[in-house]
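Undergrad: Got a structure for you, written out below as structure tokens; questions coming shortly.
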Amino acid sequence: MTTEANSKTQQITTDNRSNEQGKMGWISPNYSISRSVTVVPETLLGNRCIAVNGLAPEIESYKVIRAQIIRHAQKSGGNSLMITSALPGEGKTLTSINLALTFAREFSQTALLVDCDLRQQKIHELLGYNGTKGLADYLTNGEPLENLIVWPGIEKLTVISGGQPVTGSSEFLGSPGMKTLVQEMKSRYPERFIIFDVPSVLSSADALAFAPLVDFIVVVVRADGQTSVNDVQKSLQMLPREKVIGLVLNRKNE
């Protein structure tokens, strides 16, 4: 799977429910146990989270990626995806956000987006809310999972921020506690697809530590030639080959 993603800004619509969902009578999940935050559509679009707009032409690229991932998931029964890159700045976080937004529009799916970049957490910043608590709080202090899940007011999407930056992130991401958490996420809601935004492969050991915990891996590559073929090949060789289901060529860096 090699797919091109585009993150140009488009005008937003105010209805987060797709026409297909409305016609088929989708009932939105109850988010009363999640912490609710308010995200501003203009902020999302300004930060290139374009998939919040169901009418944006660029969302078709993400729908293609979603369809290919769902096909793999139907074959193997998996429901967790790690998104990484060879090097920092290739657009993996924006790809994670836009893909999670696109999964949330799928009639039969809900989406959970998890920021596993424990050194440079960006997801809450790009979505435009305060992410003081997150994954790091669970791993370091045992914060209950239900205290970390955020509903940003977007139907069928929940988010876990990274929390406070930590040292020794690869040890945390490969820990028994992280394994237990991922298993809980995967088993609690069978209709939920979980997307983990993980640091780049060649910048730290984080991606290698976390890779055994997920079902699938997608590697984001800048489409402008800034990333060398050698770096892409090296990162692919370091990851579990059987889990890598494709590359995403991204037109915009972060």
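Undergrad: Listing 124, 72 from the residue with the fewest other Cβ atoms within 10 Å to the one with the most, what is the order?
TA: Numbers: 124 23, 72 16.
Placing the least packed residue first, the sequence is 72, 124.
Undergrad: Where nothing but the Cβ of Lys and Arg (+1) and of Asp and Glu (-1) is charged, how large is the charge dipole of the chain around its Cα centre, in debye to the nearest 20? Don't skip to the answer; put the middle values down first.
TA: Numbers: 25 positive and 25 negative charges, 90 e Å.
Its charge dipole is roughly 440 debye.
Undergrad: Checking the table 75/133; 63/186; 63/133 against a 27 Å threshold on Cα-Cα, which pairs fail? Numbers along the way, then the final one.
TA: Numbers: 75/133 36 Å; 63/186 22 Å; 63/133 31 Å.
Pairs exceeding the cut-off: 75/133; 63/133.
Undergrad: Quick one: if the Förster radius is 22 Å, what FRET efficiency do residue 233 and residue 171 give, using the C-beta to C-beta distance and rounding to 0.05? Write out the running numbers ahead of the final one.
TA: Values: r = 27 Å, r/R0 = 1.24.
Calculated value: 0.20.
Undergrad: Take each of the peptides 86-99, 126-139, average the number of other beta-carbon atoms within 10 Å over its residues, and list them starting from the highest. Mind showing how you got there, number by number?
TA: On the way: 86-99: 24.7, 126-139: 20.2.
My ranking of the peptides, most packed first, is 86-99, 126-139.
Undergrad: Could you point to the residue in 109, 226, 138 farthest towards the positive end of the chain's charge dipole, with +1 and -1 charges on the Cβ of Lys/Arg and Asp/Glu respectively?
TA: Toward the positive end, the furthest listed residue is 109.
Undergrad: Another one. Among 200, 187, 175, which one moves the most in a GNM of the chain with springs linking Cα atoms closer than 10 Å?
TA: 187
Undergrad: Using only the alpha-carbon atoms of the chain as identical scatterers, what base-10 log of I(q)/I(0) does the Debye formula give at q = 0.16 Å⁻¹?
TA: -1.21
Undergrad: Dipole of the chain (Lys/Arg Cβ +1, Asp/Glu Cβ -1, origin at the Cα centre): which of 83, 147, 118 lies farthest to the positive side?
TA: Checked the options; the winner is 83.
Undergrad: Right, something else. Which percent, nearest 5, of DSSP beta bridges in the chain are antiparallel?
TA: On the way: 2 of 33 bridges.
Antiparallel bridges: around 5 percent, rounded to the nearest 5.
Every number in this text was worked out from the coordinates using simple rules, so none of it is lab data. As the structure is a computational prediction, the values presented were derived from the model and not from experiment. Methodologically, a virtual Cβ is constructed for each residue, glycine included, from the backbone with ideal geometry; neighbour enumeration extends over all protein chains shown.
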